[in-house]
C-alpha cells in the first residue's frame, strides 16, 4: 500500500518524501533554522485559539457591565 | 417510505428567522465554529502528520514500509467503521462530551506513541486508539453540532469548519518535521499529543453547547425562545422525512443517493491521494512538479469549499453537489486524456475546487432533509461509505496498475463512477424533502414543493 498522500483530503497521512521535499523548499525560501520555524508555527497554533478566548472573555465582560 | 406523522422537531423556519432582529455582540455559534475548527485542525492534523514520522521511525526500528502501512490501513478502516457508532453516541449524549473525550483519548494515544518499542504498539495506538478517537472529533460530530446552531448559513459554516482539517495538515506537518530535526521523533509525538489536548479542549469545553436554547439563543443568532423582544414564529420547520428513528431514514431514497455519491467521493479522492504522485512521475513529471501540483490542489480546495458553502446557502445544495462531481469527472477526463504533464496540472486546477467541498454539502443536505435528531448517526453512515470507497479504490488502483502497468483503467473507472454520483446527486428531490423549502406551518409531503 502506498504511503499515502500529500496535503490530505480527510486526514490521510502525508507522504514522507513529499514532506522532505517541502522542507527543502521552506529552507530555501525562508532561510530560517528549524528552531525558528518550530517557534513560529507553534506560536501561530497557540496564539490563534488564545485570541478567540480573549474575544469571548471581552464580550462576556462587556455584557456583564451592561446588565 | 416514512409517513408524515412521524416528525421530529428540530429546525427553525428559514423565512421565520429572516426578519429576526440582530443580537448585540458576537453570536455564540461563531465561537462554536472556532472550537470545531481547532478540533479538526488538531485531530486531523495529528493523523496527517504520521507520514513525517515514518522515515525516522523506520530507521530506528528497521520496519518496512508495508509493516507501517498496516497500521495506516487498519486506522483507515476502523476510523470508517466506528463513525456510525460515534455518530449514534453523539445523537444520544451530545457533541460536547463526545468531542472532549475523543480529544483527550486521541491526545493521550499520540503522547504514548513517544514510548513505543515495537510494531504491535504502533498498530494498537495509531491503528486503533487514535483512529477511532479521531472519529469523535471529526466532521460527523462537529457538523452535527454546528447544524443545530446555523440554519440559513449552514452551508458556509460547515464549509469553513471543514477547512480546519486541511489547515491542520498544512501547519502541523512542517511543525512536526522541524521538531523531529530538533528533538527527535519521540519528543515530537509527545508535543503533538499534548497540543491535541491543550489547543482545542478548552475551546470545546467553554463554547460547545448542543442546543442554542441552552444559551437562550436561536439558530443563526435570531431571538432566543425566552427573548421578550421576539416577534418571529418559533414553530420548528420540519421536512417530510424527519424522523425519530434513524433506521426509518434508510427506507427513503435520498439517504442512499447521498451515501452512494459520498462513496464515489471516497473512491475518487483516495485513489488520487495514494497514486497521484507515482502517476505524475510515470507521465514524465518530476516529484517536485507532482508535489507542487498537489499543493496547488490543496490551496484551491479551501477556496472551493468556502465558495460552494456561500452559494449553497443562497441557491440550494443538490445542483451544486452534482456540479462538483461533474467537475471532478472532467478533471479525471483531463488527467487521462491530456498529454504529458498537462493532465497533471489540469487535474490539480479543476479538481481542486471540488476536493473537500463535497463533505460540507453532503452534511448540509443530510441535515436539511433528515433533521437534526439523528444527524450524527446518518453522517456516520455517510462517512463510513466514504471510507469504504476510499479503501476499495486504493486497493483497486494498486491491483490494476500491477496488472496493466498503467493507472489509466483505474482512473477511468473512477471517472465513470463520477457520472453516477452526478446523476444521483442531481436527482435528489431537495425541494420536496429539504426543510429549507417547506412552507411555514406546512411540512407534509402533500404540501411541500415538488418541482425539483
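The values are calculated or read from the model by the stated rules, or taken from the named source; none is laboratory data. Values in this document were obtained by computation on a predicted structure and should not be read as measured data. With ideal geometry, Cβ positions are generated from the backbone for all residues, glycine too; neighbour counts draw on all protein chains shown.
Things worth noting here:
- Any chance residue B:269 is out of contact with any strand residue (DSSP E or B) (no Cβ under 9 Å at 6 or more places or on another chain) and either buried (at least 24 other Cβ atoms within 10 Å of the Cβ) or over 26 Å from residue B:381 (Cα atoms) (or both): yes
- Yes/no for residue B:366 being in a helix (DSSP H, G or I), closer than 21 Å to residue B:300 by Cα and assigned by TED's automatic domain parsing to the domain that holds residue B:264: no
- Segment A:9-53, subset more than 19 Å from residue B:178 (Cα to Cα) and at pLDDT below 75, residue nearest to the chain's Cα centre (by Cα): A:11
- The residues listed here are B:193, B:221, B:168; of these, the one that is within 29 Å of residue B:304 (Cβ to Cβ) and surrounded by fewer than 24 Cβ atoms within 10 Å (Cβ to Cβ) is B:221.
- Within segment B:177-197, restricting attention to residues that are within 10 Å of another protein chain (Cβ to nearest Cβ) and touching a residue at least 24 places away in the same chain (Cβ under 8 Å), the residue that is farthest from residue B:31 (Cα to Cα) is B:180.
- Any hit, segment B:113-133, residues being assigned to a helix (DSSP H, G or I), within 23 Å of residue B:215 (Cβ to Cβ), away from chain A (no Cβ under 12 Å) and within 17 Å of the chain's Cα centre (by Cα): no
- Residue match in segment B:295-317 (condition: within 11 Å of chain A (Cβ to nearest Cβ), over 30 Å from residue B:151 (Cα atoms), out of contact with any helix residue (DSSP H, G or I) (no Cβ under 6 Å at 6 or more places or on another chain) and surrounded by fewer than 19 Cβ atoms within 10 Å (Cβ to Cβ)): yes
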